[in-house]
1. When both residues are 6+ apart or on different chains and their Cβ atoms are under 6 Å apart, which pairs have a first residue that lies in region 83-110 and is part of a loop (DSSP other than H, G, I, E, B), and a second that is polar (S, T, N, Q) and within 11 Å of the ligand (Cβ to nearest atom)?
2. Inside region 5-61, counting only helices (runs of 4 or more DSSP H) that do not spill past its ends, which hold 1 or more residues that are among the charged types (D, E, K, R) and out of contact with any His (no Cβ under 6 Å at 6 or more places or on another chain)?
3. Considering every residue within region 121-141, establish whether at least one is touching a helix residue (DSSP H, G or I) at 6+ places or on another chain (Cβ under 9 Å), basic (Lys, Arg) and assigned to a strand (DSSP E or B).
4. Being crowded, with 18+ Cβ neighbours inside 10 Å and among the aliphatic types (A, V, I, L, M) narrows it down to one residue among 52, 38; which is it?
5. Going by the structure shown, is residue 52 modelled with pLDDT of 95 or more, of a type in the set (A, V, I, L, M) and away from the ligand (no atom under 16 Å from the Cβ)?
6. Out of curiosity, is residue 150 within 14 Å of the ligand (Cβ to nearest atom), surrounded by 14 or more Cβ atoms within 10 Å (Cβ to Cβ) and either part of a helix (DSSP H, G or I) or over 13 Å from the mean Cα position of the chain (by Cα) (or both)?
Amino acid sequence: PGDCSFTRQQEPLGLGHAIWCARHIVGDEPFAVLLPDMLMRGERKGCLAQLMDVYSETGGNVIAVEECDPSQTGSYGIVGKGEAIGDAFRITTMVEKPAPKDAPSNLFISGRYIFQPELFDHIARFESGAGGEIQVTDAMRRLSAEQPFFGHRFRGRSYDCGMKPGFLAANIALALENPEMAAAVRAELKALMAPA
Ligand code: G1P
């Protein structure tokens, strides 16, 4: 139960702009952002619950990160890692889709965030960033000059459904967990993988 409100982004101007479209619904409160094309299967608890545990210790802004292959930094927002704080660490910088040589680490932002409402002040500058889009990562980096940002390494498995292999893997993984279809899917996979 709970209230649902909806807003639409009328033009695809970027993730920062999409979040900005919800500013009147959010108002002056901390809020969470969940990118649904990242499917997250948390160990013991979900990714947002993991972030809430950190947030209750640290306050500020908290985001989930994971390691990627260093060659993949150009597909994600990448953070710089600072001092460890309990189960999390201080974020030193954030860069959207850097080339591997410009990436501050191989820790990518994996699509779950807890933000303070001042983020909207920085999105409102509507600066265009990577790919000519209004990027939330750029607004986050500017907000980080005023407020702390913490990273938490997500414990669990994620599937990037924005990429075709990730989307397929997510479907197979969930099918294999479903008692109604696990046996049939396993048999199909076995047949497909069998040497010709
Ligand atoms: C968005 C964010 C990026 C993040 C990614 C996670 O990128 O801008 O920082 O790492 O989601 O999936 P997009 O996938 O929209 O290109």
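1. Between residues of region 83-110 that are part of a loop (DSSP other than H, G, I, E, B) and residues that are polar (S, T, N, Q) and within 11 Å of the ligand (Cβ to nearest atom), the close pairs are 98/73; 103/73.
2. Values: elements: 15-20, 23-26, 47-58.
Filter on region 5-61 gives 23-26, 47-58.
3. The answer is no; no qualifying residue exists.
4. 38
5. Values: modelled with pLDDT of 95 or more: yes; of a type in the set (A, V, I, L, M): yes; away from the ligand (no atom under 16 Å from the Cβ): yes.
Yes; evaluated as a whole, the condition is true for this residue.
6. No; evaluated as a whole, the condition is false for this residue.
The values are calculated or read from the model by the stated rules, or taken from the named source; none is laboratory data. Bear in mind the structure is a predicted one, so any value in this text is a computation, not a measurement. Counting neighbours? That spans all protein chains shown, and the Cβs are built from the backbone with ideal geometry, glycine included.
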